[in-house]
Amino acid sequence: FGCFISMQNWSDIWLPKGIATYLTGLYAKKCFGNNAYREWIHSELQEVVKYEEQFGGIIMDPSQAPAPVPSVGPGPQPPPRPVDPGFYFPIKNLHTLSPRYIEVMRKKAHLVIRMLEHRIGYELLLQVLNKQLSLASNAAGQKQSAGLWSHMLISTNVFTKAIFTVTGKDMAVFVDQWVRTGGHAKFHLSFVFNRKRNTVELEIRQDATQQRGIRKYVGPLLVTIQELDGTFKQI
């Protein structure tokens, strides 16, 4: 990804960079262990958060606006207005982007691919990537059918469709949230142990959604609780 399979448009650059870094991370985890891998992921996350809160949310694919939120109100809904990310340079052209922006965008693309792995599963994600490699390898050997060479290019829409084809899961909402919309979510958590009910009461708040680079997240959230007899995951 990045050499054999390239981006279709410059706005799809997040895909080869994110997938290549994700695969590099899998190799690093196997060679250097999970602790070193987790420390690297944490440092990447901290850099992305610091940049977005200082300058603004990174939109990885600005070529298409996210789908409007469904409304139960009567009458047709107006088309969504483009959101100004607030940067001093245009983000719709590779030649006008800040080099720092591109570097942090690569790190965020890697994190989004990891989020996608958590959504659809490790095995299914590898099946999607292998499917793209198989189509590209077949297209590369077709010297007479130049139309198949499009399989050697990857875009946000092609990748989303490939996920649905292989897994049967529609990730359009996920792409709208994390690829076509900038910013990140910030949660404030607190918990108490209720001795009468013998349960852990967890409160999760989003109090900083009006700050730069931070937006409100709506969707599933996985919480891991470490207890004496093991680790328990709750969505």
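FYI, it's all coordinate maths here, none of it is from the lab. Computed from a prediction, not measured in an experiment: that's the story for all the values here. Neighbour counts run over all protein chains shown; Cβ positions are idealised from the backbone, glycine included.
Of the set (1) touching a residue at least 12 places away in the same chain (Cβ under 8 Å); (2) not in a strand (DSSP E or B), all apply to residue 225 but (2).
Here residue 198 fulfils each of the conditions (1) polar (S, T, N, Q); (2) in contact (Cβ under 8 Å) with a residue 12 or more places away in the chain; (3) farther than 22 Å from residue 47 by Cα apart from (2).
Restricting attention to region 165-180, which residues are within 15 Å of residue 214 (Cα to Cα) and more than 10 Å from the chain's Cα centre (by Cα)?
First pass over region 165-180, keeping only residues within 15 Å of residue 214 (Cα to Cα): 177-180.
Correct list: empty.
Scan region 3-35 for residues that are in contact with a Leu (Cβ under 9 Å, 6 or more places away or on another chain) and among the small types (Gly, Ala, Ser) and the total you get is 3. Of the numbered criteria (1) loosely packed, with under 14 Cβ neighbours inside 10 Å; (2) more than 22 Å from residue 1 (Cβ to Cβ); (3) among the basic types (Lys, Arg), the one residue 215 fails is (1).
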